[in-house]
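Some notes on the structure that comes next.
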Amino acid sequence: MMALTKIFPLVLLLLMMPTINAADKLHVHDAWARETPPGTSVMAAYLTLQNPSASMYTLTGLSSPDFKRIEMHRTEQHDGMSKMLTVPQVILNGKGSIVFRPGGMHLMLIKPKKRLKAGDNITLTLFFTDEHSTKSSLEISLPVKKATANTRHTLHNEQHDSHSHQH
Amino acid sequence: MYCLLRPACCRLKKDAQYKPPEVNYRAIIHFMSQFVKITLSLIITILLIGAAASLVQQNDNAAPGTEARLMKPKPLTAFQLTAHDLKPLDIERLKGKWTLLFFGYTHCPDVCPMTFTELAQMARQLPPEVLGDTQFVLVSVDPQRDSPESLAEYVGYFNESFLGATGSIDALTTFARQLDSKFSLETDPAGEPIVNHSSAMLLIDPQARYYARLKAPHYAEEVLAQYLALRNSYSPDTP
């Protein structure tokens, strides 16, 4: 009986191990959310996800205690029109990366529980599945920032980087 | 013996009537003239291409950044929207100023704030005399959610002098059509409205004529350069 109670937390820990470790291999950088004018119900967040491991992951969704819902979106130009398309999941190849950036793919943070301003932080949980359908998650914190103007050059470079990582 | 070895030679000697084969001068002349024709036409083509290229180059040098200008400015006809200050936004309000106009909506998380961040940056870089007769307008195509009051907060966030405006779907459709722009309102499976809108930036001249169409994406420095080039090469008398 004693032995069982001693082993039980260990077994539990072992069971949890893959869940904790799987997504921990992934790196998140350049994460930020765009401060929005008062009265708006959505915010966009951007980040780069890097996968230094050889295994493939699928980003299946996100959640945050600060928002009602989070979706992945892609802004596309069709026939001179700007359209937002929902992206249900994104594949992160082994040794690959995904870039969420202004004007491209972004995280749409829907209905903030309170107005978030530059300097505030947002907690996000990213949910993944790996090649064996094992689920894992990654919790990150990202700052809200007031955006500054971009240039075609900086955006182009980011895009270029993401391509070179994916191949 | 010699003749046995060289029968042709023997025959030549024997046959006093032999004439060397006649040269077909006509064929040679024909060939030569074809050759000259082809060469000449090639040279002319190359020269023409060169001339055309240099002409295009010269045009570029004359007014870089004016490619966005319409072939012919298009006078706008009557329309009525309501601006965020609750005054009408109509033809009269466009006259006497240059207007940079963008169709969008305030619940747009990515493209609209990005565009207006760039426009705010551009406004900061404009020479004061240019800024004085320039107006920046966001026309919301989402009138159900965007009231003039919410537009006031939205545009004011980017720049106190920016204008926001909206109107009935009919008024917006008529106005957008005049600027070769369009929008559509849909609902996603979760019941959230989806707003699609033209991403071009429209430039209206001080005579309330649709003057130029700047393609997305809009970066401050590029919009600034194009706008100044368009203004500098502007002649109010253009029909």
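Quick note: the coordinates plus some simple rules give every number you see, no bench work behind them. Owing to the predicted nature of the structure, the values given are computational and were not obtained by experimental measurement. In this analysis, Cβ positions are derived from the backbone assuming ideal geometry, glycine residues included, and neighbour counts consider all displayed protein chains.
In the range B:70-232, if the dipole is taken from +1 on Lys/Arg beta carbons and -1 on Asp/Glu beta carbons about the Cα centre, which of B:Val137, B:Tyr210, B:Leu86 is farthest to the positive end?
The one lying farthest along the dipole's positive direction is B:Tyr210.
For the pairs B:Lys72/B:Lys95; A:Lys95/A:Lys146; A:Lys111/A:Lys146, flag any whose C-alpha to C-alpha distance is greater than 23 Å. If you can, show how the numbers build up before the last one.
Values: B:Lys72/B:Lys95 18 Å; A:Lys95/A:Lys146 32 Å; A:Lys111/A:Lys146 18 Å.
Correct reply: A:Lys95/A:Lys146.
Would you mind giving the mean number of other chain beta-carbons within 10 Å of the Cβ of each residue in A:70-80, as a whole number?
Working: counts 0, 3, 0, 2, 1, 8, 2, 6, 2, 3, 10.
Per residue, the number of nearby Cβ atoms from other chains is 3 on average.
Using the Cβ atoms and a cut-off under 15 Å, what net charge is assigned to the surroundings of B:Gln125, where Lys and Arg are +1 and Asp and Glu are -1? Spell out each step's value before the answer.
On the way: positive: B:Arg124, B:Arg231; negative: B:Glu118, B:Glu129, B:Glu221, B:Glu222.
Net charge in that neighbourhood comes out at -2.
Out of all DSSP beta bridges in the range B:77-183, what portion is antiparallel? Express it as a percent rounded to 5.
Numbers: 4 of 14 bridges.
Antiparallel bridges: around 30 percent, rounded to the nearest 5.
Give the aspartates and glutamates reachable from A:Lys25 as a straight Cα distance under 19 Å; neighbours fewer than 8 places away on the same chain don't count.
Candidates past the 8-residue exclusion: A:Asp130, A:Glu131, A:Glu139.
If each of B:Gln144 and A:Lys135 carries a label point 7 Å out from its Cα toward its Cβ, how far apart are those two points in nm?
Label-label distance for B:Gln144 and A:Lys135, simple model: 3.3 nm.
Between rounded, prolate and oblate, where does the range B:186-239 land on the alpha carbon gyration tensor, with a ≥ b ≥ c its root eigenvalues, rounded for a/c under 1.5, else prolate if a/b exceeds b/c?
Oblate is the answer for the range B:186-239, as a/c is 1.5 or above yet b/c matches or exceeds a/b.
Where a Cα-Cα gap under 19 Å defines reach, which lysines qualify for B:Lys37, not counting those fewer than 8 residues away within the same chain?
Cross-link targets: none qualify.
Rounded to the nearest 0.05, what FRET efficiency do B:Glu67 and B:Asn24 give with R0 = 56 Å and r taken as the Cβ-Cβ distance? Could you check?
Values: r = 57 Å, r/R0 = 1.02.
Calculated transfer efficiency: 0.45.
Any idea what the dipole of the range A:107-150 comes to, in debye rounded to 20, about its Cα centre with Lys/Arg Cβ at +1 and Asp/Glu Cβ at -1? Spell out each step's value before the answer.
Numbers: 8 positive and 4 negative charges, 111 e Å.
Using Cβ point charges on Lys, Arg, Asp and Glu, the range A:107-150 gives about 540 debye.
What's the average, rounded to a whole number, of partner chain beta-carbon atoms within 10 Å of each residue's beta-carbon in B:182-193?
Working: counts 3, 2, 2, 0, 1, 0, 4, 1, 4, 0, 8, 0.
Per residue, the average neighbour count from other chains is 2.
Tally Lys/Arg at +1 and Asp/Glu at -1 over every other residue whose Cβ is under 14 Å from the Cβ of A:Thr86; what's the total?
-3
Which of the trypsin sites (Lys or Arg not before Pro) found in the range A:76-139 are loop residues per DSSP with 16 or fewer other Cβ atoms within 10 Å of their Cβ? Can you show the working numbers first?
On the way: sites: A:Lys83, A:Lys95, A:Lys113, A:Lys114, A:Arg115, A:Lys117, A:Lys135; in loops: A:Lys95, A:Lys113, A:Lys114, A:Arg115, A:Lys117.
Hits after loop and neighbour filter: A:Lys95, A:Lys113, A:Lys114, A:Arg115, A:Lys117.
Please get the size of the charge dipole for the range B:70-232, origin at its Cα centre, with Cβ charges of +1 on Lys and Arg and -1 on Asp and Glu, quoted in debye to the nearest 20. Don't skip to the end; give the middle numbers.
Working: 14 positive and 20 negative charges, 157 e Å.
Its charge dipole is roughly 760 debye.
Taking the Cβ of each residue in A:Ile91, A:Ile70 as the centre, tally the other Cβ atoms inside 10 Å and list the residues starting with the fewest. Let's see the in-between values first.
Working: A:Ile91 11, A:Ile70 20.
Listing A:Ile91, A:Ile70 from fewest to most nearby Cβ atoms yields A:Ile91, A:Ile70.
Any chance you could get the radius of gyration and Dmax over the Cα atoms of the range B:119-239, in Å?
Looking at the range B:119-239, its Cα Rg and Dmax stand at 15.8, 53 Å.
Peptide B:111-119: average number of partner chain Cβ atoms within 10 Å per residue?
Values: counts 9, 4, 10, 10, 3, 2, 7, 5, 1.
If you average over the peptide's residues, the count of other-chain Cβ atoms is 6.
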